[in-house]
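These notes are about the structure you will find just below.
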Amino acid sequence: MDGAYDEIISDNPFFVELKNEYTNLFQHCISQSWVVCVPRIGSLTTRVFTVEDFCAHILVPSDELPETNYSTLTEKQVTVSNKVIILEVTKELPLQSHILFEETFYTEDFLKYKVWCIESPLEPTRNVGDNTITKEYLTSINDCIDLLWTQAAGRQVLDQIEQSVQVFLKKQPSLPIAIGPLKDAVSELYTQCLQYALQNRRLREKSKACKQILENIKIAVECYMQQILFDALFKPICTCCSYEDSHLNKKIRNMCDIQLRDLDIKKELYHAVPKAKQILSKIDSYNTVLEKVLCLKQALNAINKKDSSNNVVLLTADDLLPVFVFLVIKSGLPNWYSQLTYMKEFRFSGVGRSDGDESAFLITTLEAVIEHIQSGALAGPPDPESYYYESNLTEENLNNRQRKNSLTESISTSDTNSRDETLEYIFELVKANHTEQIQTILLRNQRHLESIHANDNNMLKITLESDLLNDYDEDDDSGSDTEIYQKLCHPLCNCKKCCSKISKNLLRTSPTVNSRDSHGLTPLHVACIHGKAAIVEILIEMRAEIDATDLNECTALHYAASRGHQNALLLLLHSGAHINQANIDKNTPLHLAVNNGHLNCVKALIYFAEHSRKMIMINSANESGNTPLHLASKWGYEGIARLLIENGAEPSLQNRYNKTAFDYAHNLKILQVLKSVTPNLYEYIHITTSDVKVLNYRNDKNLTFKLQKMTLRYQDNNPSKAVENLKLIDRILKAISYGDVKLACFYMNINYADYVDDSNQLKDSSCHPLCECKMCKKKTESCTEFDVNFSDSNGFTALHYASRYGLDELCNILILNKANVNCSNKKGQTPLHLAALNNKTGVIRVLLDNGANINAVDITGNTPLHDASDMGNIGAAKILISYGPNMTMLNGSEKTALKIAKERVHLTIIDLIEKHANNS
Amino acid sequence: MSGATNGSYNFKVVLLGEGCVGKTSILLRYIEDKFNDKHLTTLQATFLNKKININGKRINLSIWDTAGQEKFHALGPIYYRNSNGAILVYDITDEDSFGKVKNWVKELKKMLGSDIVLVIAGNKVDLEHERTVPLEEAESYANMVGAKHFYTSAKLNQGVEDLFLELTREMTERHDRNAQADVSRTSRVLVVEDEAPAPSSCCSGAKHN
């Protein structure tokens, strides 16, 4: 596919004649290792050659510069540079000719000679033949279109290809999601397109005349076909590769901190990396295999540049691979595996040639790079602290006694620099998971601090005089901290000796659980980075600051999440770590866990939040406006995306570049996950944007029911916010339908505990209108920002559900939180209707006590009593009747409650109603 | 559209060996006849093409250089699959690099069997006085595994050309043999088309010139 010019030299008439007719000259030429230039076939008009013609094409290397300077046998000077022969002609401009290729010939007796196939004859006078050699290299889709257009003298071939692609797509509206069948189908289409192209008379003749043109036509046809087919083709390919891609992304995300030096890349290449990276990241924007491969080539060529001192840097395979690995990691492309598969499997014009051409080499190199990253041979991400701590502490020398001794020494000598050193040592202990040692050191240091604190009195009196210190004889230096105070003459003594003992003690700086290094890392951070759960536990026990942040405002929770250490993460969460803490880039731990593809941590975060009734901000946006769902979608983490969607993530939110998660989804699987929520949502949005709904029911009967507008509560023009609310209400209603009052309260941001302890007091609502006791205050202030009157798409509020499922406790709570007792759903039903229908006597009482309209009518004209009669709910009917409803009301079918009860033969209810009617 | 189109052979050759044994230098020496020169027309020494014509047989060599670092060893199969020949380079002053060659030979034999032509090159003979790999050991090993052994010096341009020439001849021979075997095998079953013997017929024609 590199499209380099090629022809069989031994068939070239010029060469044949030289060899056969001028054998002596030819033999001499060989024996002298002169270079023979052969004008390419078709570039010479005549078939009759003279001796001069041949002599003009035989180059004799000069003595001084045999590589670049030659003279012909006709005594003309020739220079060669960058594969161009320049012939110095006296009167005209210098004549130039490209060397198309070089072929080294070996004779039977292994004499070697070189033949250069050149573009045009080295004879200025000679009339140049048909100049049909078109572009040697096709480099873009435009080149391909040009070729097909000009060579066929018209658009018809292009149109035919386009048409067959359209037919192909129509025939198969959904392409198979498996590479094998996909490749076969496209390969068939390619053959068909090529047939169309070669049916064109002009193209056929030209391709017969020159093999080169045929090759170029093949490439052009393939390219044009791919260009049209790309959109339909690439998604299925991505879908096939989604698993590999997401795994590769996970690997790449987890090593995105990697630096050039980590890959042993030569310093001379550093300068070229940004440029190459920029070129390579454009690979995504090309649609054809030709252009993608070319992009790879350009990226690699960009590395082949001069270094800072202008020396040419020769790129060898040893250098190339690490740089390429780096470029791929840093490119930020989410679908490398799909790109590779596309290039590898959908390159038809190259098939048949050996596997060894340059495109194959480039693709293979990319494959090797991806394989290398995938294999995890890159030893994982370098630890952030490894940049400033050379870790030389292994298990082995840790056990070494000497090291231990030097450690105790470094702690006991009051050297001010020992702080950094020992903190570093602690970090290394953490890394090596030496639980006990850490515990002893930190505990000792803590005790030391406490003892200082305890002897505050003494401290105040101490003056730090150097001579005092020098005088002091250091016999008890090895004593532990607590002992120091025991060694004083008296706990309150301040003689010289005692003072110096104490001051020495004070000067000692030793790391504690909350010590930080120059990057703001505490031991807890380091333990989380390395996922040492046991150490995290100890540190937490020792009251390490859970939400301590480092320079990047990352907490330990951020590190545990981004490194995928679920155990450490859970320990932190249970110890009260702030779950929504944002770091300097406004990334929450959830962002980091999602970005690095740690499903276990995402699960831990979400389930913990749900379980502990904490709100996790599932749609929080980071600095670039990305929500966790954006990241999951971009990197193709299907499982995580599904989990996020199930927990209320909103795919239609836009980031700073106005992209939604949908825009980032590059394969069908992810798209499907994202779409799994949306159909309902669009319905919701539709409803929420409509204004007041007035439904006139049976005008002739003057029964007009105004339906309550269910939308006014969030006339927010931001649909996604409305959608979020709708999803929330769905969850609330679901919780209520399961009877989980606590969960429902949690979702509504109501503190359930406030209501439990004194639920018996709830009935008498307040002590006094102006009372300010705890209970009453709660009642008035407990209204949260969440409006409990939100309704779902059918107009059901939480109160409706609580009534339907008979949760009187929740009804009370809701009413206290200003729930509207008379709000009606789409069918005009109030909560009381639902309670009556479902015979929830407790709820009926609560509702009626709190001002529910006993004569409320739904759109069919039924009052709650109608409903109770209809269902034969004796309990409900009894209570309703006891509150004195209007029993003469007619429903839409002009029936009273009594009539309905009679129709249904609910004897008890008939009895109840008649009794009441008689009494009143 | 077979492996040998229009009577020319296309061969893929991989260069394998430890880092710093001079794989790249050998390659450059052969293609451009230069040794670590500044005047190279191609700056990328990882993939190079060479057309040669031995006795009328046109051969197009695609020579792939590979990374020698140990960490990339696992990527070997990606590079050497479908290759017709392999040049295993070691440094005569470095015994470890010879051990590495032995590993490669074992691996190649296992993965590709006898489909691949092996050539072992002891590079840096200009440093003969520092030799640590014994001459006899290297040659008898090459004999044992059925590989040709060459001493080369990319610096002094010794043996490089011979190495490639011998490799190419061996590959051509083996290709012809396989093609004939294929023909005889297929002809016993069913004669479909006479595409396969095309190279041999063309070459025999060329011999008459």
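Coordinate range of the alpha-carbon atoms in segment B:4-185 per principal axis, descending: 51, 39, 30 Å.
Here the extension length gained between residue A:163 and residue A:850 equals 240.1 nm, from 0.36 nm per residue of separation less the Cα-Cα distance. Note that segment B:115-128 has calculated 3J(HN,Hα) couplings of 6, 10, 8, 10, 10, 9, 10, x, 8, 6, 5, 5, 9, 3 Hz, one per residue in order, obtained from phi through the Karplus relation 6.51 cos²θ - 1.76 cosθ + 1.60 (θ = phi - 60°); glycine and proline are x. In the assembled protein chains, residue A:275 presents an accessible area of approximately 100 Å² (probe radius 1.4 Å). The heavy atoms of residue A:337 offer some 70 square angstrom of accessible surface to a 1.4 angstrom probe. Interface size, chains A and B: roughly 4500 Å² of accessible area buried, both sides included, 1.4 Å probe, rounded to the nearest 100. Translational diffusion coefficient of segment A:13-76 (Stokes-Einstein, Kirkwood radius from Cα pairs, 20 °C, 1.002 mPa s): 174 µm²/s.
For the residues of A:98-104, the average number of beta carbons from a partner chain within 10 Å of their own beta carbon is 4. The apolar share of the surface of segment A:176-230, taken as the fraction of accessible area on carbon and sulfur atoms (1.4 Å probe, ligands and nucleic acids excluded), comes to 52 percent. Multiplying the residue separation of residue A:894 and residue A:449 by 0.36 nm and removing their Cα-Cα distance gives an extension gain of 151.6 nm. Taken as Cα centroids, segment A:548-617 and segment A:249-306 sit 32 Å apart, rounded to the nearest whole angstrom.
Counting Cβ atoms of other protein chains within 10 Å of each Cβ in A:364-372 and taking the mean gives 5. In this simple spin-label model, placing a label point 7 Å from the Cα along the Cα-to-Cβ direction at both residue A:201 and residue A:742 gives a separation of 8.8 nm. For residue A:435 and residue A:259, a Förster radius of 45 Å and the Cβ-Cβ distance give a FRET efficiency of 0.90, rounded to the nearest 0.05. Based on Cα contacts under 8 Å between residues 6+ apart, segment B:4-185 shows a relative contact order of 24 percent. Within segment B:4-185, DSSP assigns beta bridges of which about 30% are antiparallel (rounded to the nearest 5). Counts of other chain beta carbons within 10 angstrom of each beta carbon in peptide A:111-120 average 1.
Just so you know, the Rg over Rh for segment A:138-277 is 1.14, from Cα atoms, with Rh as the Kirkwood radius. Its Cα centre serving as origin, segment B:105-146 has a Cβ charge dipole (Lys and Arg +1, Asp and Glu -1) of approximately 260 debye. Solvent-accessible area of segment B:4-185 (1.4 angstrom probe, protein heavy atoms only): carbon and sulfur portion equals 48 percent. Each residue, residue A:749 and residue A:68, gets one label point 7 Å from its Cα in the Cβ direction; the gap between the two is 7.6 nm. With a simple spin-label model that places each label point 7 Å from the Cα along the Cα-to-Cβ direction, the separation between residue B:177 and residue B:71 comes to 4.1 nm. Taking every alpha-carbon pair under 8 Å whose residues sit at least 6 apart, segment A:186-326 reaches a relative contact order of 22 percent.
With all protein chains kept in place, the per residue accessible area of segment B:54-116 amounts to 36 square angstrom at a probe of 1.4 angstrom. Under a model in which nothing but the beta-carbon of Lys, Arg (+1) and Asp, Glu (-1) is charged, segment B:4-185 shows a dipole of about 800 debye around its Cα centre.
The values are calculated or read from the model by the stated rules, or taken from the named source; none is laboratory data. As the structure is a prediction and not an experimental result, all values here were calculated from the model. Please note: Cβ atoms are built from the backbone with ideal geometry, for glycine as well, and neighbour counts cover all protein chains shown. Accessible surface areas use protein heavy atoms only, side chains included; no ligands, DNA or RNA. Shrake-Rupley method; radii C 1.70, N 1.55, O 1.52, S 1.80 Å.
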